[in-house]
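Here's the structure we're looking at; comments come further down.
Rule-based calculations on the coordinates, nothing more; no lab input. Computed from a prediction, not measured in an experiment: that's the story for all the values here. Using ideal geometry, Cβ is built from the backbone for each residue, glycine included, and neighbour counts are taken over all protein chains shown.
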Amino acid sequence: TRAERANLAGVRHILLVLSGKGGVGKSTLSTELALALRHAGKRVGILDVDLCGPSIPRMLRVQDSAVHQCDSGWVPVFVGQDKAIALMSIGFLLERPDDAVVWRGPKKNALIKQFVTDVAWGELDFLIVDTPPGTSDEHISTVEALRPFQLLGAVLVTTPQ
Amino acid sequence: ELRARLRAVRHTVLVLSGKGGVGKSTLSAVLAHGLAADETKQVALLDIDICGPSIPKIMGLEGEQVHQSGSGWSPVYVEENLGVMSVGFLLSSPDDAVIWRGPKKNGLIKQFLRDVDWGEVDYLIVDTPPGTSDEHLSIVQYLSATHIDGAVIVTTPQEVSLQDVRKEINFCRKVKLPIIGVVENMSGFVCPKCKNESQIFPPTTGGAEKMCQNLNVSLLGKVPLDPQIGKSCDRGQSFLAEAPESPATLSYRNIIQRIQEYCEQHHLPEEKIM
C-alpha cells in the first residue's frame, strides 16, 4: 500500500544482523554498528524484532520509554547522545519489562509486519534490523516484509566454538 | 497416545532460559551424563531446539541416524542407560537450516513425544531453544499428559541476560510450571596460571543471586567459566569426565544433586503406577 511504501521509502539501506546461535552478540553488534555509523555522520535507525528477548532498549538506556502514534504510524524512540538514532522495539510496548511475550508464530508475524511497515522512520541512511536467534517465524516474516525495499544484506555473527 | 508413551517416565525436567547462548544445552548434557553415572537409572535427553540443535554435537552423536521399529522411533544411545533424541538426527546434513514456522515445529515436538520409544525412563531432560514461544508453549502443553517436575532456568550474570530470564520466570508462573531453580553459568573466571579471579560478565545488577532473592526462586548454583567446557562440547565429550578436578565440575555436581533431591522429594511414585 502507499502508506506502507512511504514509511520505508526514505530508508537508503537496510541491514539484517543474524546468527543461528543465541548469545553471540547480535544485539551488541547492532547497537555498536548504529552508534559507529551515527558517529560517522549517517542517519541511522534500529529495528529490534526479537519479540521474546528485546535487548536493544536497555543497551541504549531507554528501557523505560514509551512509543506514540502519529498519522503515518508509530513514532520511533530517539536515542544516542544527540538523540538522533531512531529505535523501535517490542520492549517499548510491554506494560512491565518482566512481562513475557508468550506468542505463537502467527501473532509474532503480524507484529513484525507492523513494525516493518508502520513505523515512521523518516529519512535514514541505514536501518539496522536486530533479530533473535534461529531460522523461524521472525526471520521468515522479516525478510518477506522487507523484500520490496532496499535490503542491502545480512551480517552474520558468531563466536569461535 | 502421549499419555501412554509418557507413563513410564518418572521425572521430567525442562531446561529453559529467556536468553540464548547461556549454556542450556551444556547444562542439559552435563545433567544427563551426571544422572546416567548411576547405572541403575535410565536417562533420556530430548532436544527440542529445532532451529539450532546442539545436543547431537555436545553428546558426540553427530552423524547418527534415527531408526524406526514397530514400537516407534529409537533414541540414539550414548550409554546403555542414556538415550538422546534431536531434530539434528533427522537432517541429511548438519548445515541444513530448518526454516519452519511455529505450527510445523509444534508438529515435530508432538511426534518426538508420541513416537519415540523411550521405554522406562527415570529422568527425561528436555533441552529447549531460547525464548517463550511455540516450542515452549507446546512442550508444556503436550507434557501435561504426564507430570513435569519442574524447570531449571539458566542465565549468565549480566543484566542483559537477567532481563530475559525474568520473563522466562514469569512464563513459568503463567503456565503453572514449577521452578526447580536457577543456574548461573559463566560466573567468574579463575586464571589457571595466576589463580586470579575475573568477572568476564560482571553482575552489574547483582547477578542471578539478587534476581533469585527478588523473585523468590532458588539459586541452584553458580558455574565458573572454564575453557574446557566449550572444548568438551565441541568434541562431544563429557565435561565431567574430561575435567573431574575443575571448579566448574564441582559446581555442576552440586547442581545435579540439588535437582535430583528436588525431584525425589516432590514426586509421589504411587500416582505414576496408577
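How many residues does the range A:9-33 hold that are more than 8 Å from chain B (Cβ to nearest Cβ), more than 13 Å from A:Asp130 (Cβ to Cβ) and touching a strand residue (DSSP E or B) at 6+ places or on another chain (Cβ under 9 Å)?
4
Surrounded by 19 or more Cβ atoms within 10 Å (Cβ to Cβ) and more than 12 Å from every other protein chain (Cβ to nearest Cβ): which single residue out of A:Ala66, A:Ala86 fits that description?
Working: A:Ala66 fails: surrounded by 19 or more Cβ atoms within 10 Å (Cβ to Cβ).
Residue meeting the stated conditions: A:Ala86.
Residues are listed down the side, and each one gets a yes or a no for (1) assigned to a loop (DSSP other than H, G, I, E, B); (2) under 17 Å from B:Val116 (Cα atoms):
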{"site": "B:Gly20", "(1), (2)": "yes, no"}
{"site": "B:Leu31", "(1), (2)": "no, no"}
{"site": "B:Asp49", "(1), (2)": "yes, yes"}
{"site": "B:Tyr77", "(1), (2)": "no, yes"}
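Which of the residues spanning the range B:164-195 are under 14 Å from A:Val101 (Cβ atoms) and small (Gly, Ala, Ser)?
Within the range B:164-195, none qualify.
Considering only the range A:84-96, state which residues are farther than 10 Å from A:Cys52 by Cα and in contact with a Lys or Arg (Cβ under 8 Å, 6 or more places away or on another chain). Step through it out loud before you land on a result.
Restricting attention to the range A:84-96, the residues satisfying the condition of being farther than 10 Å from A:Cys52 by Cα are A:84-89, A:92-96.
Listed by number, the residues that qualify are A:Ala84, A:Ile85.
How do the pairs read when you match residues in the range B:92-114 that are among the β-branched types (Val, Ile, Thr) with residues anywhere that are in a helix (DSSP H, G or I), using Cβ under 8 Å and keeping only pairs 6 or more apart or on different chains?
From residues that are among the β-branched types (Val, Ile, Thr), the pairs are B:Val98/B:Val87; B:Ile99/A:His139; B:Ile99/A:Ile140; B:Ile109/B:Glu135; B:Ile109/B:Ser138; B:Ile109/B:Ile139; B:Ile109/B:Tyr142.
So B:Asp149 fits all but one of (1) without any contact (Cβ under 8 Å) to a residue 60 or more places away in the chain; (2) within 15 Å of the chain's Cα centre (by Cα); what number is the exception?
(1)
Restricting to the range A:111-161, and then to whatever is without any contact (Cβ under 8 Å) to a residue 60 or more places away in the chain, outside any helix (DSSP H, G or I) and within 12 Å of chain B (Cβ to nearest Cβ), can you tell me which residue is farthest from A:Gly23 (Cα to Cα)?
So the residue we want is A:Ser136.
Whether any residue in the range A:89-110 is within 14 Å of another protein chain (Cβ to nearest Cβ) and assigned to a strand (DSSP E or B) is what I want to check.
Scanning the range A:89-110 turns up at least one residue that is within 14 Å of another protein chain (Cβ to nearest Cβ) and assigned to a strand (DSSP E or B).
Would you kindly identify the strands (runs of 3 or more DSSP E) lying entirely within the range A:1-79 that contain at least 1 residues that are in contact (Cβ under 8 Å) with a residue 40 or more places away in the chain and at positive phi?
Strands (runs of 3 or more DSSP E) meeting the threshold: A:73-75.
Using the structure shown, decide if B:Leu14 is part of a strand (DSSP E or B) and buried (at least 22 other Cβ atoms within 10 Å of the Cβ).
On the way: part of a strand (DSSP E or B): yes; buried (at least 22 other Cβ atoms within 10 Å of the Cβ): yes.
Spelling it out, B:Leu14 is indeed part of a strand (DSSP E or B) and buried (at least 22 other Cβ atoms within 10 Å of the Cβ).
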